[in-house]
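Remarks on the structure that follows.
Any read-out appearing in this document is the output of simple, stated calculations on the displayed coordinates, not a laboratory observation. None of the values given here were measured: they were computed from a predicted structure. Neighbour counts run over all protein chains shown; Cβ positions are idealised from the backbone, glycine included.
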Amino acid sequence: MGYQAHFRVWRGAADGGELRDYTVEVNEGEVVLDIIHRLQATQCPDMAVRWNCKAGKCGSCSAEINGRPRLMCMTRMSTFDRDETITVTPMRTFPVIKDLVCDVSYNYVKAREVPAFRPPEDLEPGDYRMRQVDVQRSQEFRKCIECFLCQNTCHVIRDHDENKQAFSGPRFLMRVAELEMHPLDTAENRPEESRGDHGLGLCNITKCCTDVCPENISITDNALIPLKERVADRRYDPILRLFRR
Ligand code: SF4
Ligand code: F3S
Ligand code: FES
């Protein structure tokens, strides 16, 4: 049975904006993205929103719904009270382009800064042999849909724009961890690079990134903490230091 919902949506651009109120129809089974589309179709044809798959797989429709970073296409209207006002704002950590669309290019810059997978030079195609446990570890990290909700949430850059230069954020520290723990990767300096080039030391394991990940990846426990442990081993374990010499 349909009803009328109260929406408050941020409208504006880089030079400023405001929250505007709308009353809009909601039908059985709909998600927040359906309602934003209905607003576009019926009341505000110029409203900017980024989306692609409507299936939680492209990572395009990230926004903040009632202040919580979420995918609009995976947020069911049935999770809200019918008389509740639902506020939709763009991700706060990235500069707004228009309405709900942000400039997320920071993330692509950081992605390019992670050196690529480096297998042994004499490894022929088909020679790859990995234990199942190593395959599964990589597979967890590779569920990432690059929605950047973890990047948006991490307080290291959310509240401190000045840290963006030094900090790659959980998504790309996870990529470094994935490569560092890959049994066929031969790059030797990944832990040290994670500390120096990617700002791992700024992460104080608050786990907010893990809390908002729509793919339920254990970013902190399975990637960031093991990476920190490897940095500590390399720097402070006297036996490992001896072997490295
Ligand atoms: Fe999104 Fe999770 Fe990937 Fe972060 S790790 S970009 S929250 S899917
Ligand atoms: Fe930020 Fe996640 Fe660390 S939220 S502080 S990267 S645990
Ligand atoms: Fe693709 Fe939401 S539209 S994840």
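Here His6 and Asp197 are evaluated by their C-beta separation; at R0 = 45 Å the FRET efficiency comes out at 0.45. Taking label positions 7 Å along the Cα-Cβ direction at both Ala13 and Ile97, the computed distance is 1.3 nm, reported to one decimal.
Quick one: if the Förster radius is 30 Å, what FRET efficiency do Gln40 and Glu146 give, using the C-beta to C-beta distance and rounding to 0.05? Walk me through the numbers on the way to the answer.
On the way: r = 24 Å, r/R0 = 0.81.
FRET efficiency, Gln40 to Glu146: 0.80.
Give the aspartates and glutamates whose C-alpha is closer than 19 Å to that of Lys110, dropping any in the same chain fewer than 8 places away, or say none. Answer for Lys110, where 19 Å is the Cα cut-off: Glu146, Asp159, Asp161, Glu162, Glu178, Glu180, Glu192, Glu193, Asp197, listed by chain and number. Projecting the Cα positions of Cys58, Ser78, Ala111 onto the charge dipole of region 46-159 (unit charges on Cβ atoms of Lys, Arg, Asp and Glu, taken about the Cα centre) puts Ser78 furthest along the positive direction. If you take the square roots of the eigenvalues of the alpha-carbon gyration tensor of region 51-108 and sort them as a ≥ b ≥ c, do you get rounded (a/c under 1.5), prolate (a/b over b/c) or oblate? Judged from the Cα gyration tensor, region 51-108 comes out oblate (a/c at least 1.5, b/c at or above a/b). Model label points for Asp21 and Arg68, set 7 angstrom from Cα along the Cα-to-Cβ axis, are 2.4 nm apart.
Rounded, prolate or oblate: which fits the chain when a ≥ b ≥ c are the square roots of the eigenvalues of the alpha-carbon gyration tensor, with rounded for a/c under 1.5 and prolate only if a/b beats b/c? Because a/c hits 1.5 or more and a/b exceeds b/c, the chain counts as prolate.
Take every pair of alpha-carbon atoms less than 8 Å apart whose residues are at least six positions apart; their mean separation over the length of region 4-126 yields a relative contact order of 27 percent. Take the Cα of Gln139, step 7 Å toward its Cβ, do the same at Asp81, and the gap between the two points is 4.3 nm.
Between the listed residues Phe141, Leu173, Ile225, the Cα displaced farthest toward the positive end of the dipole of region 124-245, a dipole computed from Cβ unit charges relative to the Cα centre, is found at Ile225.
Say a paramagnetic label sat at a point 7 Å from the Cα of Val109, along Cα to Cβ; which residues of region 190-209 have their backbone N under 17 Å from it? It comes to 197-200, nothing else.
The separation of region 37-82 from region 140-182, counted between C-alpha centres, amounts to 23 Å.
What FRET efficiency comes out for the pair His160/Asn189, r = Cβ-Cβ distance, R0 = 41 Å, nearest 0.05?
Values: r = 27 Å, r/R0 = 0.65.
My answer for the efficiency is 0.95.
With the Kirkwood sum run over all distinct C-alpha pairs, region 118-245 has a hydrodynamic radius of 15.6 Å. For Lys228, the lysines whose Cα falls under 16 Å of its own Cα, not counting residues fewer than eight places away in the same chain, are Lys207.
At q = 0.26, 0.30 Å⁻¹, work out log10 I(q)/I(0) for region 104-159 with the Debye formula, treating every Cα as an identical point scatterer and leaving solvent out; two decimals please. Scattering profile of region 104-159, log10 relative to I(0): -1.16, -1.23.
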